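Here's the structure, in structure tokens; my notes come after.
The values are calculated or read from the model by the stated rules, or taken from the named source; none is laboratory data. Model, not experiment: these values are computed from the prediction. When we count neighbours, we look across all protein chains shown, and the Cβ atoms used for this are built from the backbone with ideal geometry, even at glycine.
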Amino acid sequence: MARNLFKSDIAPSDITPEAVYADRRRIMQAGAALAVGSILPAGLALAAAAPGPSFAGKPSAFSTTETRNSFDQITHYNNFYEFGTDKEDPAANSTHFQTRPWSVRVEGECMKPQTFDLDALLKLAPLEERVYRLRCVEAWSMVIPWEGFPLADLLKVVQPTSKAKFVEFTSLADPKQMPGVNERSIDWPYTEGLRIDEAMHPLTLIAVGLYGKPLPNPNGAPIRVVVPWKYGFKSAKSIIKIRLLDHQPATAWNKLVPSEYGFYSNVNPEVDHPRWSQASERRIGEILRRKTLMFNGYGDQQVAGMYKGMDLKKFY
Ligand SMILES: Nc1nc2c(c(=O)[nH]1)N[C@H]1C(S)=C(S)[C@@H](COP(=O)(O)O)O[C@H]1N2
Ligand SMILES: [Mo]
């Protein structure tokens, strides 16, 4: 039963068409901008309206200009098996999830292992807004405006040693708060990993928010990883530990079904999943399928070069 948890996306859209949301949002934003702009400089008006830490990061050159999925879509169509295996389960079951206090332990092959509390992490680097495509291994995708900073900025603080060749991420697994952890779907806790060059790559993000707000619970509050050229399952949610290692770590999906989920899991339209094609995908909110892009379209941003000479059919 556990072996067939991931399914390909075949059903046509069951979700409100994005166009409706997008248009409504655009009109509302235009209205708000006009109203504010006529009285105060935008910065002043925003500061007055939003006390506490701001999660609206600086726009990034790494962002796609494609139409964003709506906040509603991004927070109600999720894979977060700790809260259940249906797409609506994370939103329904995570409303009381406690994400404060929270800390992340960073240890292993580094000179300065330490535990960061959330506030320290939020001050570590200026937030950027990165609008990334997210391609799930189930052959659907979304466009999500993350707020975060490069994982490299965090790793540099602990000073990896020359023995640090891989990084392992561990998600929280709290059976009291996370009903899915009481089911034997995955060998909890959820763990994932990257090679050190992938982890240090400027596209690899620590996300702490989206759409200018703190990270919603269904998306991995309060802190998760985002690796945009890999299938979504590489991007571990609600992380509590990061370990620098001299060896390749075991990963949750690879342990469960090694023939279907490898360590690398780069988005690759030429390497099919054993049970379905990866050549195309359905953007949530759209009817027609899109062609899937090699490395999810991030290949020329110094991503393809990391795999030069590697057989990507073997290292899937
Ligand atoms: N801890 C944990 N992280 C996880 C998952 C999970 O079940 N548990 N699901 C993964 C999968 S399969 C995908 S596609 C993305 C989905 O992220 P999103 O819900 O924010 O779009 O999260 C990934 N990270
Ligand atoms: Mo996924």
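Worth pointing out:
- Across the stretch 223-252, the qualifying residues are those that are farther than 22 Å from residue 281 by Cβ and aliphatic (A, V, I, L, M), and the one among them that is nearest to ligand 2 (Cβ to nearest atom) is 252.
- Being among the acidic types (Asp, Glu) and touching a helix residue (DSSP H, G or I) at 6+ places or on another chain (Cβ under 7 Å) holds for only one residue in 153, 119, 89, and it is 89.
- Selected residue (criterion: surrounded by the fewest Cβ atoms within 10 Å (Cβ to Cβ)) from residues of the stretch 267-316 that are in contact with a Phe, Trp or Tyr (Cβ under 9 Å, 6 or more places away or on another chain) and small (Gly, Ala, Ser): 304
- When residues in the stretch 207-222 are screened for being under 16 Å from residue 57 (Cα atoms) and within 11 Å of the chain's Cα centre (by Cα), 5 of them pass.
- Taken as a whole, the stretch 181-192 holds no residue that is surrounded by fewer than 23 Cβ atoms within 10 Å (Cβ to Cβ), in a strand (DSSP E or B) and more than 16 Å from ligand 2 (Cβ to nearest atom).
- Selection count where residues are over 18 Å from residue 148 (Cβ atoms) and of a type outside the set (D, E, K, R), scope the stretch 86-121: 16
- Residue that is modelled with pLDDT of 95 or more, more than 9 Å from ligand 1 (Cβ to nearest atom), surrounded by fewer than 23 Cβ atoms within 10 Å (Cβ to Cβ) and among the basic types (Lys, Arg), where the choices are 230, 165: 165
- Extreme residue, farthest from ligand 1 (Cβ to nearest atom), among residues of the stretch 233-252 that are charged (D, E, K, R) and in contact (Cβ under 8 Å) with a residue 60 or more places away in the chain: 246
- Of all residues in the stretch 97-118, those that are of a type in the set (Gly, Ala, Ser) have Cβ atoms under 9 Å from Cβ atoms of residues that are exposed (fewer than 13 other Cβ atoms within 10 Å of the Cβ) and assigned to a strand (DSSP E or B), 6 or more apart or on another chain, in 103/115; 103/117.
- Verdict on residue 211 being among the aromatic types (Phe, Trp, Tyr), surrounded by fewer than 23 Cβ atoms within 10 Å (Cβ to Cβ) and within 11 Å of ligand 1 (Cβ to nearest atom): no
- Tallying residues that are more than 15 Å from ligand 2 (Cβ to nearest atom), surrounded by fewer than 19 Cβ atoms within 10 Å (Cβ to Cβ) and part of a loop (DSSP other than H, G, I, E, B) within the stretch 61-87 yields 7.
- Residues of the stretch 88-119 that are part of a strand (DSSP E or B) and either at negative phi or within 19 Å of the chain's Cα centre (by Cα) (or both): 103, 104, 105, 106, 107, 110, 114, 115, 116, 117.
- Count of the stretch 268-294 residues which are of a type outside the set (D, E, K, R) and out of contact with any Pro (no Cβ under 9 Å at 6 or more places or on another chain): 8
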